[in-house]
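Trainee: Dropping the structure in here first, questions after.
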Amino acid sequence: MKYEEIVADLKAGKYAPIYFLSGEESYFLDDIAARIEKNALTEDEKAFNQTILYGNDVTMTTVTDTARRFPMMSQRQVVIVKEAQNIRDFENLLPYIDHLQPTTILVFLYKNKKPDKRKGVFKKLSSSSHCVYFESAKLYDNKIPEWIIGYCKEKSYGITTKAAGILAESLGTDLSRVANEIDKLVLLLPQGGEIQESLVEEHTGISKDFNSFELLSAIIRKDFLKANQIVNYFEANPKNNPLVLTITTLFRY
């Protein structure tokens, strides 16, 4: 399933018995798990029916024994397994997939390691109708501004295209870092407000004078001095100014 489809189901209160979340972009994995952790149970239900386990500390037998328990004074329980890639006996999940506990939401966060799809357990997880199998991929540099705009929209805020581009250029592809900066910025706005480039510059330390948009503007004005100042700044800070974003901005003109 796609990330957007999973989130739509979670917003509608539709939960699967098993979630296997893996891939390169940890933001999507953490976000899905956080939505389940926050919303699948009420605050009163969480005390007895929400369990967080860590792969370094448990075996798969411990995980499945926990998952097979019945909920207490609730219609479901939630079991979240973080660092699941460190569980050595993952194959022992196979019997549970065939005979799972329907009142349990079992979530695996499998990070920084690709599952070996030759193994039966991962084949079973990816093919089971009871399992949401999700692999996240890193977003390309030129997709980050679009993601920023969508993230703000989901939070009921706006952001100018230029402000989104400046954030993307300066923060790179680490979505957790980008989301954290946006969350700090929206605290400064009224509900439904718009993030503008002046707000980004004032509260993040990111300069609005040295970015691809200003480079394009300088080229259009034939301001060779300004254009070369920006190019020199990019050359001195290549990690903060990915060339692909600069090319994309110029190419659109």
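The values are calculated or read from the model by the stated rules, or taken from the named source; none is laboratory data. Keep in mind the model is a prediction, meaning the values are calculated, not measured. Ideal geometry is used to build each Cβ from the backbone, glycine not excepted, and the neighbour counts take in all protein chains shown. Calculation scope for accessible area: heavy atoms of the full protein, side chains included, ligands and nucleic acids excluded. Shrake-Rupley method; radii C 1.70, N 1.55, O 1.52, S 1.80 Å.
Trainee: Write down the accessible area per residue of the stretch 1-122 in Å², having rolled a 1.4 Å probe over the full set of protein chains.
Mentor: 52
Trainee: Once label points are set 7 Å from the Cα along Cα→Cβ at both Thr103 and His203, what is their separation, rounded to one decimal in nm?
Mentor: Spacing of the two 7 Å Cα→Cβ label points: 4.5 nm.
Trainee: Place the peptides 23-35, 125-137 in order of packing, highest mean first, counting for every residue the other Cβ atoms within 10 Å and averaging per peptide.
Mentor: 23-35, 125-137
Trainee: Determine the gain in length on full extension of the stretch Ile220-Glu43; use 0.36 nm per residue of separation and subtract their C-alpha separation, reporting nm with one decimal.
Mentor: Between Ile220 and Glu43, full extension yields 58.1 nm more.
Trainee: Separation between the Arg177 and Met1 pseudo-spin-labels, each 7 Å from Cα along Cα→Cβ, expressed in nm?
Mentor: 3.1
Trainee: Roughly speaking, to the nearest percent, how much of the chain's 1.4 Å accessible area is carbon and sulfur?
Mentor: 51
Trainee: For Lys113, which lysines qualify as cross-link partners when the Cα separation must be under 27 Å and same-chain residues fewer than eight apart are set aside?
Mentor: Lys2, Lys38, Lys82, Lys123, Lys124, Lys138, Lys143, Lys239
Trainee: For the stretch 92-128, which trypsin sites (Lys or Arg not before Pro) pass both filters: DSSP loop (anything but H, G, I, E, B) and at most 13 other C-beta atoms within 10 Å?
Mentor: For trypsin sites (Lys or Arg not before Pro) across the stretch 92-128 that sit outside H, G, I, E and B with at most 13 neighbouring Cβ atoms in 10 Å, the list reads Lys113, Lys117, Arg118, Lys119.
Trainee: Counting helices only, and only those DSSP H runs with n ≥ 4, report the 222 nm mean residue ellipticity of the chain as the sum of -39,500 (n - 2.57) divided by its residues, in deg cm²/dmol to the nearest 500.
Mentor: Theoretical 222 nm ellipticity from helices: -14500 deg cm²/dmol.
Trainee: Would you kindly state how much longer the chain becomes between Ala12 and Arg69 on full extension, computed as 0.36 nm times their sequence separation minus their alpha carbon distance, in nm to one decimal?
Mentor: Length gained, Ala12 through Arg69: 18.0 nm.
Trainee: Sorting check: for 75-88, 37-50, which peptide has the highest mean count of neighbouring beta carbons within 10 Å, and how do the rest follow?
Mentor: For the peptides 75-88, 37-50, the packing ranking is 75-88, 37-50.
Trainee: Also: Ranked from highest to lowest mean number of other Cβ atoms within 10 Å per residue, what is the order of the peptides 215-224, 156-165?
Mentor: 156-165, 215-224
Trainee: Something else about it: By the scheme Lys and Arg +1, Asp and Glu -1, what is the net charge of all other residues having a beta-carbon under 12 Å from that of Pro17?
Mentor: Local charge sum for Pro17: +2.
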